[in-house]
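Presented below is the structure to which this report refers.
The values are calculated or read from the model by the stated rules, or taken from the named source; none is laboratory data. As the structure is a computational prediction, the values presented were derived from the model and not from experiment. Here Cβ is always computed from backbone atoms with ideal geometry, including for glycine, and neighbour counts include all displayed protein chains. Just so you know, the surface numbers come from the protein's heavy atoms only, side chains and all, with ligands and any DNA or RNA stripped out. Shrake-Rupley method; radii C 1.70, N 1.55, O 1.52, S 1.80 Å.
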Amino acid sequence: MGSLRVWNVNSTFTGGGVAEMLRLLVGYARGSGVDARWVVIDGTSEYFAVTKRLHNRLHGAAGDDGQLGPQETALYRAVLEDNAATLHQRVEPGDIVMLHDPQTAGLARQLADRGAHVVWRCHIGTDRTNAYTREAWDFLIPHLSGCSAFVFSRTAYVPPELTGSDVWIIEPSIDPMSPKNRLLPRARMTELLTQIGLLDGPSDSARHCVLGGAGSFSPNDRLVLQVSRWDPLKDMLGVMRGFSEYVAGPNTDAKLALIGPSVESVADDPEAEKVLAECLETWAALPRRVRSHVRLVALPMHDVDANALVVNAAQRHASIVVQKSLQEGFGLTITEAMWKSRAVVASAVGGIVDQMPPGVGVLLKDPRNLESFGNTLNTLLAQPDEITRLGRRAHRHVRERFLCDRHLQELARLIEHLLSK
């Protein structure tokens, strides 16, 4: 690649799939001789409130009741103009700059004027169009005029306004050798989950991450698990309600763990604290017997590899991994769990459908139907052989389609295409 320099720009170093993906892809690119760099923008709390509003509305959901009008546009431009001024001191003509998601789209024109090849990569979207999606795209499209190309995870996410543009469809991927996905011995898995307080056992660690003063589960309990951000669209609250109302009881050893990042660790998600507080309030109000079947866990993010190892251990320990999202851009936690040969129950929304063809997991047609969700879990928990079969098929599917070598090859083709233009 010679003197090629590729910049990736997003809104956070930790928390969420984009940050995890960039950490791996940038590392592999540098290892192959590309001068790959990663920059995180600065923003105010008011700015991140606007960009989270954009995020929700690109998913077809209202989010908060705020506007995306002239005042929000002015705030968005002002914050990104400050960031563009900083990037102008570092980005050179001929560099390739990949801007990720709505938080960075407004940098495109300034960086293109600098002489860079600018690509906007949108990791989110929805198959349906409504007033919220139209409002979000009306806000964003004027900021994308400087882009040479666009990358989406699914064709259905490409807005009509970009018809005829240089659009690429590139699905995300996982690295099987990363701390989050590499093979862990059983003893190491138990040790990690004991250290955070999720499982019983001796531990000299002060890193107790189970919330609400709750105790630990037995290592012999079967675990149903969802790992995600504390985001309304991930529906952690719905998972807890569905499990509590239709699964937890005296006739099952199954337990539920909801694991997410500590809310102070994710600067670009202003809704996280509220969602976690709602989950804790609902958990505390459960009958004592039911409450004993459920744990909420908030993992610190200051050590990214340590966090990834704990998530890895939790997914491998689980009997069933859930992703009951109400909407999902892609949702790589599905692929992560499938790689670990877990049986997955997930919503038939967004990119989840692309990851789970028939026979490799169970798709929920209506993720808001809590009774159906609970019955699905009960049926699977009663069929341990089916859990094993689904896990084996899932692992084979990920190996064939969702590993990072394919992803890197597609990005290399995109870069070659841009340089040839």
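Tell me, yes or no, whether region 59-68 has at least one residue that is part of a loop (DSSP other than H, G, I, E, B), open to solvent by less than 30 Å² (accessible area, probe 1.4 Å) and in contact with a strand residue (DSSP E or B) (Cβ under 9 Å, 6 or more places away or on another chain).
Checked region 59-68: no residue is part of a loop (DSSP other than H, G, I, E, B), open to solvent by less than 30 Å² (accessible area, probe 1.4 Å) and in contact with a strand residue (DSSP E or B) (Cβ under 9 Å, 6 or more places away or on another chain).
Evaluate region 32-40: report whether one residue or more is touching a helix residue (DSSP H, G or I) at 6+ places or on another chain (Cβ under 8 Å), outside any helix (DSSP H, G or I) and of a type in the set (Lys, Arg).
yes
Residue under question is residue 149, and the condition is that it be of a type in the set (A, V, I, L, M), modelled with pLDDT of 95 or more and open to solvent by 10 Å² or more (accessible area, probe 1.4 Å); does it hold? Working first, answer last.
Details: of a type in the set (A, V, I, L, M): yes; modelled with pLDDT of 95 or more: yes; open to solvent by 10 Å² or more (accessible area, probe 1.4 Å): no.
In short, no.
Identify all residues within region 7-22 that are open to solvent by 10 Å² or more (accessible area, probe 1.4 Å), touching a strand residue (DSSP E or B) at 6+ places or on another chain (Cβ under 6 Å) and more than 16 Å from residue 55 (Cβ to Cβ); write none if there are none.
Result: 8, 13.
Restricting attention to region 34-46, does a residue exist that is touching a Pro at 6+ places or on another chain (Cβ under 7 Å) and open to solvent by 40 Å² or more (accessible area, probe 1.4 Å)?
Our first condition is that a residue be touching a Pro at 6+ places or on another chain (Cβ under 7 Å); within region 34-46, this holds for 45.
Subset that is open to solvent by 40 Å² or more (accessible area, probe 1.4 Å): 45.
Yes, region 34-46 contains a residue that is touching a Pro at 6+ places or on another chain (Cβ under 7 Å) and open to solvent by 40 Å² or more (accessible area, probe 1.4 Å).
Looking at (1) touching a residue at least 24 places away in the same chain (Cβ under 8 Å); (2) in a loop (DSSP other than H, G, I, E, B), which is the only condition residue 358 fails?
(1)
Against the condition open to solvent by less than 70 Å² (accessible area, probe 1.4 Å), modelled with pLDDT of 95 or more, under 27 Å from residue 404 (Cα atoms) and of a type in the set (A, V, I, L, M, F, W, C), how does residue 170 come out, does it pass?
Working: open to solvent by less than 70 Å² (accessible area, probe 1.4 Å): yes; modelled with pLDDT of 95 or more: yes; under 27 Å from residue 404 (Cα atoms): yes; of a type in the set (A, V, I, L, M, F, W, C): yes.
Yes; evaluated as a whole, the condition is true for this residue.
Could you please find all residues in region 85-113 being in a loop (DSSP other than H, G, I, E, B) and crowded, with 16+ Cβ neighbours inside 10 Å? Give the steps one after another, and end with the answer.
So in region 85-113, the residues in a loop (DSSP other than H, G, I, E, B) come out as 89-95, 101.
Residues satisfying the conditions are 91, 95, 101.
Within region 270-310, take every residue that is among the small types (Gly, Ala, Ser) and surrounded by 14 or more Cβ atoms within 10 Å (Cβ to Cβ) and give me the one that is nearest to residue 182 (Cα to Cα).
Selected residue: 308.
Kindly establish whether residue 155 is open to solvent by 50 Å² or more (accessible area, probe 1.4 Å) and under 24 Å from the mean Cα position of the chain (by Cα).
Details: open to solvent by 50 Å² or more (accessible area, probe 1.4 Å): yes; under 24 Å from the mean Cα position of the chain (by Cα): yes.
Taking the combined requirement at face value, the residue satisfies it.
Pull up region 361-398, narrow it to residues that are part of a loop (DSSP other than H, G, I, E, B) and touching a residue at least 60 places away in the same chain (Cβ under 8 Å), then point me to the one that is nearest to the chain's Cα centre (by Cα). Before you say what the answer is, go through the steps one by one.
Residues of region 361-398 part of a loop (DSSP other than H, G, I, E, B): 361, 365-369, 382-383.
Subsequent filtering for residues that are touching a residue at least 60 places away in the same chain (Cβ under 8 Å) retains 367-368.
Numbers: 367: 18, 368: 20 Å.
It comes out as 367.
How about region 226-262: which of its residues are open to solvent by less than 10 Å² (accessible area, probe 1.4 Å) and among the charged types (D, E, K, R)?
Hit for region 226-262 is 231, nothing else.
If residue 225 meets every condition in (1) over 27 Å from residue 370 (Cα atoms); (2) outside any loop (DSSP other than H, G, I, E, B); (3) in contact with a strand residue (DSSP E or B) (Cβ under 7 Å, 6 or more places away or on another chain) apart from one, which number is that one?
Tallying (1) over 27 Å from residue 370 (Cα atoms); (2) outside any loop (DSSP other than H, G, I, E, B); (3) in contact with a strand residue (DSSP E or B) (Cβ under 7 Å, 6 or more places away or on another chain), residue 225 fails exactly one: (1).
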